[in-house]
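Trainee: The following block contains the structure, expressed as structure tokens.
The values are calculated or read from the model by the stated rules, or taken from the named source; none is laboratory data. As the structure is a prediction and not an experimental result, all values here were calculated from the model. Every residue, glycine as well, gets a Cβ built from its backbone with ideal geometry; the counts of neighbours run over all protein chains shown. Ligands, DNA and RNA are excluded from the accessible area calculation, which covers all protein heavy atoms including side chains. Shrake-Rupley method; radii C 1.70, N 1.55, O 1.52, S 1.80 Å.
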Amino acid sequence: MATSTEQINNLIGAYTALKQYFEGAKDGIEDALAAAASRYQGFFSTVHVDQAARNDANNGTADAPVASIQRAIDLSPHDGFNMIKVRGNYTATVRVVTNGRMLSIVGCIAGSEWTTADDPAQRPTLTIGYYDISGFAEVAGFHCGYDTYINVIGFKIQLPSLADVTAALPGSNTGSTNPRGLFAIRSSSHGRAGSVALRYCELIVPADYYGAIFSAGIGWYLLTTASTINGDIAGKVHPEVPAAAVSDDYARFIQTTMVTL
């Protein structure tokens, strides 16, 4: 039978072993929690864009914004909820490739500390430009394959006119219908297009708008919230939909197959 001293020593030994075990487990738990928190933070990202910065080598923080929306998208994780804050007016000169990201592209007042505009008059203008690609005049919109989801928030969106395109690109073919949409998917190999939401935006549509809101293809869904349309979109929502089928209040019935317009 163990003596009292031996029993005490055994208890001390057991306590020490138990203490070491829990301390080791505590370190492991803390490491696991830190790793989980790091992964969770990666689900949410914010990248800042100011075209006046003219430096896509920046890291996209509020103090060091990048110059292009494309660079901001490239810095955004594929599996996260990504906010891209664009300060001041922005002119898109090439088509943005989103590649399956969930994006909120938010307009911020020029010169502000990344403040959004409550007053519609202060909304920055997102000018959709155009460029030549292999002899065709292309709209510098969004290429939205692989289940891309985009929220465009707080912009005046100026769409291009045919007159401006032909004047600037006299040698380019303007007769193609795909992919000239503001939102486009180039081929079935790029998967479904996902959805687009225009929130607190003004869509400025010239009478001779070059292109359509969407390019040919299936999978689209559009939602508008507190947005307005300045101009006529009849026949300009989708190249495969007759003009007579389109109403100004299109937000309720643009469907995933686009056949009910």
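Trainee: Ignoring ligands, DNA and RNA, what percent of the accessible area of segment 45-230 is carbon or sulfur (1.4 Å)?
Mentor: The C+S portion of the solvent-accessible surface of segment 45-230 is 52 percent.
Trainee: Ordering ASP27, ASP79, ASP147 from largest to smallest accessible area (1.4 angstrom probe), what's the sequence?
Mentor: Descending accessible area places them as ASP79, ASP27, ASP147.
Trainee: Give the distance, in whole Å, between the Cα centre of segment 123-157 and the Cα centre of segment 53-113.
Mentor: What the calculation gives is 13 Å, centre to centre.
Trainee: Can you give the local net charge around GLY107? Use residues other than it whose beta-carbon is closer than 11 angstrom to its beta-carbon, Lys and Arg +1, Asp and Glu -1.
Mentor: Overall, the nearby charge balance is +4.
Trainee: Which of GLN158, ALA121, SER104 sits closest to the plus end of the dipole of segment 45-230, meaning its Cα is farthest towards the positive end, when Lys and Arg get +1 and Asp and Glu get -1 on the C-beta?
Mentor: Selected residue: SER104.
Trainee: How charged is the neighbourhood of GLY154? Take every other residue with its Cβ under 12 Å from the Cβ of GLY154, and add Lys/Arg as +1 and Asp/Glu as -1.
Mentor: It works out to a net charge of +2.
Trainee: Could you run the Karplus curve 6.51 cos²θ - 1.76 cosθ + 1.60 with θ = phi - 60° over segment 127-140 and give me ³J(HN,Hα) per residue in whole Hz, x for Gly and Pro?
Mentor: 8, 8, x, 7, 7, 9, 9, 6, x, 10, 7, 10, 7, 7
Trainee: A further question on this structure: I'd like the FRET efficiency for THR5 and PHE44, computed as 1/(1 + (r/R0)^6) with the beta carbon distance as r and R0 of 51 Å, rounded to 0.05.
Mentor: 0.30
Trainee: I need the peptides 150-156, 168-174 ranked by packing, meaning the mean over residues of other C-beta atoms within 10 angstrom, with the highest value on top.
Mentor: Put in order of decreasing packing, that is 150-156, 168-174.
Trainee: Give the peptides 224-234, 63-73 in descending order of average Cβ contacts within 10 Å, highest first.
Mentor: Final packing ranking: 63-73, 224-234.
Trainee: Something else now. How large is the Rg to Rh ratio of segment 45-230 when both quantities use alpha carbon positions and Rh follows Kirkwood?
Mentor: 0.95
Trainee: Send over a whole-number figure in Å² for the accessible area per residue of segment 45-230, probe 1.4 Å.
Mentor: Result: 42 Å² of accessible area for each residue.
Trainee: Please list, in order along segment 44-49, the HN-Hα scalar couplings obtained from phi with the Karplus expression 6.51 cos²θ - 1.76 cosθ + 1.60 (θ = phi - 60°), rounded to whole Hz, x for Gly and Pro.
Mentor: Calculated HN-Hα couplings, in order: 10, 9, 10, 10, 9, 10 Hz.
Trainee: Follow-up question, since we're still on this one. With every protein chain in place, what's the accessible area of GLU202 (1.4 Å probe, Å², nearest 10)?
Mentor: 40 Å²
Trainee: What lysines could a cross-link reach from LYS156, if we take a straight Cα to Cα line under 22 Å and drop same-chain neighbours fewer than 8 places away?
Mentor: Of all the lysines, those that pass the test against LYS156 - Cα under 22 Å, at least 8 places apart if same chain - are LYS85, LYS236.
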